[in-house]
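Asker: I have a structure here, written as structure tokens, and I will follow up with some questions on it.
The values are calculated or read from the model by the stated rules, or taken from the named source; none is laboratory data. Computed from a predicted model, the values in this text were never measured in an experiment. Backbone-built Cβ (ideal geometry, glycine too); neighbour counts: all protein chains shown.
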Amino acid sequence: MAKINIISGIQLCNNPRVVKEADALTEAGHEVEVFSSILRRGDASLETALSENKGWKLTPVIDNSSQSIGQQLRWFSARSRCRIWNRIYRASGWGNVRQLGYAAPEMLRLCRQRKAALNIVHLEQALWVGNQLLNDGERVAIDLEDWYSEDLSSKDRAFRPGYLLRRWEKRLLREGCYATTTSHVMGSALAKAYNCTAPKVLYNTFPRQERNCLDGKSIDRNDHKTPSITWFSQTVGPDRGLEVLVDALPHIEIPVQIHIRGRCRNGYEEILRSRVGTNSKHKLFFHPCVPHHQLLSRLSEHDIGFAGELSHCRSRDLTITNKIFQYLLAGLVILSSDTAGQQEISNAHPRLLHTFQGNSVQSLASHLNALLRDRDQMALAKQEAVTLAETKFCWEESKHVLLSSVAEGLNC
């Protein structure tokens, strides 16, 4: 079998798609090396847990968890270069890959040293690495977890070199061995924008066997009579639909609990709590991040999974986030906004996703009230969610797309 490099540059705990890819390719008999970084010192144990005894090699290009002088100097230098290049771009519009991350040239150097039959690139800074490897005549594939040049709000995009991202995306989509992405609507939009073959769709699903590890505990939730809504992300902040959810609460007839999991941006918890008010009949709870192997258990404690993504950028509108598939595997009813990506699932399975008009408090409240009034229908929807998560929307099905794509890429 073949040596394959997976090029990411961020932490595995923030990039479960890379972990699943490395696992699947190793199981298929390939020799796999993943180039990542450990940016937060406290996450070193999570990185170890996600990679140990897997059969593939993890190489953190930047390791801020290490106390060695060499690694700390490397981390300081990487951050300094990033800050300097960001200032240069804001002042002059002159783009550089250092504005997009900390480890691109270092990853390229390692890829050239540890030559592979196939290089699979993920995320923004890896696009540059992939383009350089194409210059070297190497086989390169791209996995577009998001539409990188169309990601973030227009305000945030103004501070990063979008013209470089578009150039790198276009070349990789046209000249790479293959491309994958997260939804059919995303693939169609990319094909139209870059006049290329539509990437294959590799849904952000999870292994059905993860349900075997449910611990049956009730840690988040003590009151099981009051309906419970859950939402999670690595970072909790604005423009993810949470403001619409809490603003809809005064219009919700039945008391509910809202459980939010992740690292809150400074002051954001207070912002949401102030919008709910101290006299509300509804309750708001915040929980810290948990390792991936615990997440499904915590989600399964609840009734409704909230996926309120806003269509403030094309990438967010077109993708299908991993939330949808984790909610299905946890056996939750899903209350989702009407992004094009989420409607892709809703149109195929309308009883699974209850879709409201994004940014509309009235639409969200109407759909949520209808859900809460019919608890029997909610119970049936939860059963159907598990069935589909175990038969159709599971990694065991999705990985066939990956393995066939890699086989094609190795022969290109």
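Asker: Restricting to region 307-353, name every residue that is surrounded by 22 or more Cβ atoms within 10 Å (Cβ to Cβ), assigned to a helix (DSSP H, G or I) and touching a strand residue (DSSP E or B) at 6+ places or on another chain (Cβ under 8 Å).
Answerer: Across region 307-353, the qualifying residues are 323, 324, 326, 327, 328, 330, 342, 345.
Asker: Which of the residues that make up region 189-227 are in a helix (DSSP H, G or I) and not aromatic (Phe, Trp, Tyr)?
Answerer: 189, 190, 191, 192, 193, 208, 209, 210, 211, 212, 213
Asker: Restricting region 60-97 to residues that are at pLDDT 90 or above and part of a loop (DSSP other than H, G, I, E, B), which is surrounded by the most Cβ atoms within 10 Å (Cβ to Cβ)?
Answerer: The residue in question is 96.
Asker: Looking only at residues in region 133-162 that are assigned to a strand (DSSP E or B) and among the hydrophobic types (A, V, I, L, M, F, W, C), which one is surrounded by the most Cβ atoms within 10 Å (Cβ to Cβ)?
Answerer: Looking at residues that are assigned to a strand (DSSP E or B) and among the hydrophobic types (A, V, I, L, M, F, W, C), I get 140.
Asker: Counting only residues that are farther than 30 Å from residue 373 by Cα and hydroxyl-bearing (Ser, Thr, Tyr), how many does region 206-239 have?
Answerer: 1
Asker: Could you check residue 49 against (1) modelled with pLDDT of 85 or more; (2) within 28 Å of residue 293 (Cα to Cα); (3) in a helix (DSSP H, G or I) and say which number it fails?
Answerer: So the condition that residue 49 fails would be (1).
Asker: Can I ask one more? Answer yes if at least one residue in region 389-401 is touching a strand residue (DSSP E or B) at 6+ places or on another chain (Cβ under 8 Å), farther than 19 Å from residue 226 by Cβ and either surrounded by 19 or more Cβ atoms within 10 Å (Cβ to Cβ) or without any contact (Cβ under 8 Å) to a residue 40 or more places away in the chain (or both), and no otherwise.
Answerer: no
Asker: Would you say residue 198 is at pLDDT 95 or above, in contact with a Gly (Cβ under 8 Å, 6 or more places away or on another chain) and surrounded by fewer than 21 Cβ atoms within 10 Å (Cβ to Cβ)? Full working, then the answer.
Answerer: Numbers: at pLDDT 95 or above: yes; in contact with a Gly (Cβ under 8 Å, 6 or more places away or on another chain): yes; surrounded by fewer than 21 Cβ atoms within 10 Å (Cβ to Cβ): yes.
So residue 198 fits the description; yes.
Asker: Scan region 271-288 residue by residue and report those that are more than 26 Å from residue 354 (Cα to Cα) and either at pLDDT 95 or above or assigned to a loop (DSSP other than H, G, I, E, B) (or both). Even if it seems obvious, please write down each step before you answer.
Answerer: Initial filter on region 271-288 (more than 26 Å from residue 354 (Cα to Cα)): 271, 274, 277-279, 288.
Across region 271-288, the qualifying residues are 277, 278, 279, 288.
Asker: Just to be sure, is residue 236 closer than 30 Å to residue 39 by Cα, among the aliphatic types (A, V, I, L, M) and not assigned by TED's automatic domain parsing to the domain that holds residue 12? Step through it out loud before you land on a result.
Answerer: On the way: closer than 30 Å to residue 39 by Cα: yes; among the aliphatic types (A, V, I, L, M): yes; not assigned by TED's automatic domain parsing to the domain that holds residue 12: yes.
Considered against the rule, which asks whether it is closer than 30 Å to residue 39 by Cα, among the aliphatic types (A, V, I, L, M) and not assigned by TED's automatic domain parsing to the domain that holds residue 12, residue 236 comes out as yes.
Asker: Any idea which of 9, 29 is outside any helix (DSSP H, G or I) and more than 23 Å from residue 98 (Cα to Cα)?
Answerer: None of the others qualify; the one that does is 29.
Asker: Under 9 Å between Cβ atoms, at least 6 apart or on separate chains: pull out the pairs that start in region 185-212 with a residue that is under 17 Å from residue 317 (Cβ atoms) and among the charged types (D, E, K, R) and end on any residue that is at pLDDT 95 or above and surrounded by fewer than 18 Cβ atoms within 10 Å (Cβ to Cβ).
Answerer: If the second residue must be at pLDDT 95 or above and surrounded by fewer than 18 Cβ atoms within 10 Å (Cβ to Cβ), the pairs left are 192/198.
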